[in-house]
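The values are calculated or read from the model by the stated rules, or taken from the named source; none is laboratory data. This structure is a prediction, so every number in the text was calculated from the model and none was measured. Don't worry about glycine lacking a Cβ; one is built from the backbone with ideal geometry, like all the others, and counts go over all protein chains shown.
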Amino acid sequence: MKQRIDKLVYPWVLLVVLFPIINSCRKTDSSSPPTMIVDINNNWYHTVTIGTQVWMVENLRVTRFNDGTELTWPSKAEWGSIVVPQYGFYNFDIKNKDVYGVLYNYCAVASGKLAPKGWHIPSDQEWQILIDYLGGENVAGGKIKDTGTIESDNGAWVAPNQDATNESGLKSLPGGYIESDGKSYAMGTYCNFWSSTWYSDDHAWYWYISSKTPKALGNNWSKKAGFSVRCIKD
């Protein structure tokens, strides 16, 4: 009887001893975790799956196209004066890059080379799919916004940051925008995301979220403006 028990127990003991070794061999290299991607400037981004879509969790921070070409970084006075792919920062202060990412004009978006390879700037329709999945335009903004407020010292949004839950995991932050004349507006109050969808010769579609409402709304704006960019997987 004892011999039979030993034969039954031994395989389980062996499995317990070997499992950590086997499991460690399966682990992904910590330098490239499977839930993150990297752009050509070696900026890392978390990703989140929402319905059938996979999104970047942070705003794009790249300053080169995915073929290595440098984008133009104009001065405040030069912003919007020429129709070339441009990028900038709120108030043209590079210190805003790490938290809020880069603000791009539509010419940079329309190039088709701004996102990391295997990713792209979402179309207006792809934004609409996300908004519908999150319950529609009247509530989706709250589910996209990061929580907390500046006044409470626990967030980046100006109060009231209405109905912010970040249920989607997208953790959007109010990076504001650069107007076509180079002036910066609405940091803390609004986040504005370009879509890749053309509206007219001078305007393109974008989506915006406000601290004052749980809504996420689409509109069109001057292609010379500088908005935030989120990417979606191909």
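Computed quantities for the displayed model
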read-out: Sole exception among (1) farther than 22 Å from Asp146 by Cα; (2) modelled with pLDDT of 95 or more; (3) touching a strand residue (DSSP E or B) at 6+ places or on another chain (Cβ under 9 Å); (4) not acidic (Asp, Glu) for Gly68, by number; value: (3)
read-out: Filtered residues of region 93-119 (kept if of a type in the set (A, V, I, L, M, F, W, C) and surrounded by fewer than 19 Cβ atoms within 10 Å (Cβ to Cβ)); value: Ile94, Val99, Cys107, Ala110
read-out: Filter pass, Trp198 being touching a Gly at 6+ places or on another chain (Cβ under 9 Å) and among the aromatic types (Phe, Trp, Tyr); value: no
read-out: Asp181 being part of a loop (DSSP other than H, G, I, E, B) and among the acidic types (Asp, Glu); value: yes
read-out: Scope region 91-107; condition in contact (Cβ under 8 Å) with a residue 60 or more places away in the chain and either of a type in the set (A, V, I, L, M, F, W, C) or over 23 Å from Val38 (Cα atoms) (or both); matching residues; value: Asn91, Phe92, Val99, Val102, Leu103, Cys107
read-out: Boolean, Pro160 is over 25 Å from Asn105 (Cβ atoms) and either under 15 Å from the mean Cα position of the chain (by Cα) or surrounded by fewer than 22 Cβ atoms within 10 Å (Cβ to Cβ) (or both); value: yes
read-out: Where Tyr208 falls short, out of the listed (1) over 18 Å from Ile50 (Cα atoms); (2) part of a loop (DSSP other than H, G, I, E, B); value: (2)
read-out: Filter result (farther than 18 Å from Val57 by Cα, without any contact (Cβ under 8 Å) to a residue 40 or more places away in the chain and acidic (Asp, Glu)) within region 110-146; value: Asp132
read-out: Residue in region 154-168 that is out of contact with any Leu (no Cβ under 8 Å at 6 or more places or on another chain) and within 30 Å of Lys117 (Cα to Cα) present; value: yes
read-out: Filter pass, Ser32 being assigned to a loop (DSSP other than H, G, I, E, B), at pLDDT below 95 and surrounded by 12 or more Cβ atoms within 10 Å (Cβ to Cβ); value: no
read-out: Looking only at region 189-234, and only at residues there that are among the small types (Gly, Ala, Ser) and surrounded by fewer than 19 Cβ atoms within 10 Å (Cβ to Cβ), the one that is farthest from Lys113 (Cα to Cα); value: Gly218
read-out: Those helices (runs of 4 or more DSSP H) lying entirely in region 38-151 with at least 2 residues touching a Leu at 6+ places or on another chain (Cβ under 6 Å) and on the phi < 0 side of the Ramachandran plot; value: 140-144
read-out: Members of region 79-95 found to be polar (S, T, N, Q) and over 13 Å from Gly175 (Cβ atoms), listed by number; value: Ser81, Gln86
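Listed here are the residues, each with its yes/no results for (1) farther than 16 Å from Met56 by Cα; (2) touching a residue at least 40 places away in the same chain (Cβ under 8 Å); (3) touching an Asp or Glu at 6+ places or on another chain (Cβ under 6 Å).
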position	(1), (2), (3)
Gly188	yes, no, no
Trp194	no, yes, no
Trp198	yes, yes, no
Ala204	yes, yes, no
Tyr208	yes, no, no
Lys233	no, yes, no
